[in-house]
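What follows draws every value from the coordinates through simple rules; no lab data is involved. Every value quoted in this text rests on a predicted model; they were computed, and no experiment measured them. When we count neighbours, we look across all protein chains shown, and the Cβ atoms used for this are built from the backbone with ideal geometry, even at glycine.
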Amino acid sequence: MAQTAQYDLESAAGALVNVADILQAAALRLPDKPAIIVQRPPSSRPSDASAVAGWRGQSVISFRELNDEVDRFARGLSEYGIDRGMRTILMVKPGIAFFVLTFALFKIGAVPVLIDPGMGRKKLIQCLEEIEAEAFVGIPLAHVARVMFARSFRSVRKCVTVGRRLFWGGANLKDVRAQDSRSFETADVGANDLAAILFTSGSTGPAKGVAYEHGMFAAQVRYLASHFKCGEHDTDVATFPLFALFDVALGMTAIIPDMNPSMPGHVNPERIVSAIRDHDATQIFGSPALLARVVAHCEYRKVTLPTLRRVLTAGAPIPPSLLARLRKIVSDDADIFTPYGATESLPVASIESREVIAETAAATEQGAGICVGRVLPGMELRIIEISDESIEDWSQCKELGPGEIGEICVRGPVVTKSYFRKPEATRLAKIAEGDTVWHRMGDVGYLDDAGRLWFCGRKAHRVQTASGTLYTIPCEAVFNTHPQVARTALVGVGDAPNQKPVLCVEVAIDATLDSESLKAELLAIGAKNAKTAGIRTVLYHPQFPVDVRHNAKINREALALWASRQLQ
């Protein structure tokens, strides 16, 4: 009989710290329930990785089978020499092998290093070189890169190939799958022990390795169960691989859709819709860029998604207009949450779509920013005066009151304490208060009188002009109300505090106005609002550059350079 989300919370993430133990608890309760279902095109063949690992190319694995495989690989990897605390680069495509190997590393007490391959080869190699990993587990293409850039991986002592091993050494996946299927004893880790290194997307600066502790992962599981009511009654279409790891820890079935997770903004929406409808999925987690394509497809095909009970979207602000369209294709009792957070701290706050549409959307269109909801229980959030300098101690901060825009700072059980081997980045992002740490989100915003957080953009993206500071999200929302605009991006050209505000515009596909007429109408809209009246320069851009992880955050740094060249 299905248990409640509260049961999951107490049994899986209360007393237990290592998420491998949380998975094992789920497997004991739900042995025969599908844990992972891999959606494949009809013509595809099983990968070498699944075949050699003993899964016979299957696309479904139960919780009992998954936990058994985790035990086999934990034992085999340990015997091969991958030990507790060993930093292990994991570069495996989403699928059964990804889940098995990640949880096996957790069970050993090793430290998986996870990074988005979409950030590009140069950045990726640089990030991995900084880690000085001792083990490397990856698909053949990843090993080719390791061999080509051997100096960057000279610290690696143990290599495992997931797939066909070619001209390099090390073990193959089948070599590290132990025949002994007995339960492998989970490493006795503490809440403050290093669990994993997860890299930021690098969308607003150099990518940084975020040091995650075991207690933080357990706290995230608790929040997903208690606040969002995720549990073993759910089937999730997991479009973001890292989030999918939480699915199985919570006893949820994870559907791995047929898509490139590094390009969610270019996903084939029909495949996502098929994954939902074919498996009666109750949940989907996706970036706004992915959901926009799914919504447009459903509108065009006149289909709905009645089985969905929950939609979670993160990675970038989602326009209230998209939330309204999304509500029309899900059931009336479905919840659409837009949790706020970052790699360094997630989740921080959350709001449901009904509240957005009914109470905050109109204010957003007038330049109030985007409301991201109330702070979750157990988390603390304060707004401080904006500074680009490091702040050593909280006593040096000036806290701001309701309605005052400033830096967003948070502390709590899911807040990471440092970046791995990045002391300067840690110094700029963290503030000590006693034996606790506040994280500077790098975002600006304010709290309203009801205690809700309003997001106004990245601190680094604010435009500092001679007549005052402009914040991206509030200003852009005013212009985004024009029906022939797809989206806008405010950038500053020149040096602060004398920057020139420039509005970059992506025109809607079905736009009919010529460029000069549209510009005139946009400037007229801006002139009516005190926040945007000083913006008098408009440039048209064919397609904004976006982040590699969610394909939704506008790369305003690159856009500012483009605007500067255009004005020259």
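Distance between the 7 Å Cα→Cβ label points at ALA533 and ALA358: 3.5 nm. Summarising the amide proton neighbourhood of PHE420: residues at separation of 5 or more, or on other chains, whose placed amide H is nearer than 5 Å comprise GLY209, VAL210, ALA211. Each Lys or Arg adds one and each Asp or Glu takes one away; over the other residues whose Cβ falls under 13 Å from the Cβ of ALA145, this sums to +4.
Here the Karplus relation 6.51 cos²θ - 1.76 cosθ + 1.60, evaluated at θ = phi - 60°, turns the backbone of the range 363-377 into coupling constants of 5, 4, 5, 9, x, 7, x, 10, 6, 10, x, 9, 5, 5, x Hz, with x for every Gly and Pro.
For the range 517-568, a/c is not less than 1.5, where a ≥ b ≥ c are the root eigenvalues of the C-alpha gyration tensor, and a/b tops b/c. That puts it in the prolate class. Each semi-axis of the equivalent ellipsoid for the range 462-567 is √(5λ) with λ an eigenvalue of the Cα gyration tensor; in descending order they amount to 20, 18, 12 Å. For the chain, the longest piece that avoids every one of the GluC sites (Glu not before Pro) found in DSSP loops with at most 14 other C-beta atoms within 10 Å covers 186-384. With 18 Å as the limit on Cα-Cα distance, the pairs of LYS519/LYS553; LYS123/LYS208; LYS208/LYS417; LYS208/LYS422; LYS302/LYS328; LYS122/LYS208 that go past it are LYS519/LYS553. Computed 3J(HN,Hα) for the range 502-513, one whole-Hz value per residue from the Karplus formula 6.51 cos²θ - 1.76 cosθ + 1.60 where θ = phi - 60°, is 10, 9, 8, 10, 9, 7, 4, 4, 9, 5, 10, 6, glycine and proline marked x.
The mean sequence separation of alpha-carbon pairs under 8 Å and at least six residues apart, normalised by the residue count of the range 178-236, gives a relative contact order of 27 percent.
Applying the Karplus relation 6.51 cos²θ - 1.76 cosθ + 1.60 with θ = phi - 60° to the range 461-466 yields 3J(HN,Hα) values of 9, 4, 9, 9, 9, 5 Hz, where x marks Gly and Pro.
Averaging the inverse of every distinct alpha carbon separation and then flipping it gives the Kirkwood radius. What is it for the chain, in angstrom units?
Hydrodynamic radius (Kirkwood, Cα pairs) of the chain is 24.7 Å.
Neighbour counts of other Cβ atoms within 10 Å put PHE479, PHE73 in the fewest-to-most order PHE479, PHE73.
For LYS430, go through the aspartates and glutamates and keep the ones whose alpha-carbon is under 18 Å away, minus same-chain ones fewer than eight residues off. In chain and number order, the partners are GLU213, GLU344, GLU380, GLU385, ASP388, GLU389, GLU392, ASP393, GLU399, GLU407, ASP443.
Would you kindly state how much longer the chain becomes between ASP449 and SER515 on full extension, computed as 0.36 nm times their sequence separation minus their alpha carbon distance, in nm to one decimal?
That pair, ASP449 and SER515, stretches by 19.7 nm at full extension.
Working note: 222 nm ellipticity from helices only, DSSP H runs with n ≥ 4, each -39,500 (n - 2.57), summed and divided by the residues of the chain, gives -9000 deg cm²/dmol to the nearest 500. Ordered by the count of other Cβ atoms within 10 Å of each Cβ, fewest first, THR532, THR343 give THR343, THR532. To the nearest ten degrees, helix 288-301 and the longest principal axis of the Cα atoms of the chain are 90 degrees apart.
How do ASP278, ASP510, ASP443 rank when sorted from fewest to most other Cβ atoms within 10 Å of their own Cβ?
Exposure proxy ranking, most exposed first: ASP510, ASP278, ASP443.
For ARG374, the residues whose amide H sits under 5 Å from its own are SER350, LEU453, ignoring neighbours fewer than 5 places away on the same chain, with H placed 1.01 Å from N. Cross-link reach is defined here as a Cα-Cα straight distance under 19 Å, omitting same-chain residues fewer than 8 places apart; for LYS158 the aspartates and glutamates meeting it are GLU79, ASP83, GLU129, GLU130, GLU132, GLU134, ASP175.
A crude spin-label estimate for the pair ARG565 and GLU299, with each label 7 Å from Cα along the Cβ direction, gives 3.3 nm.
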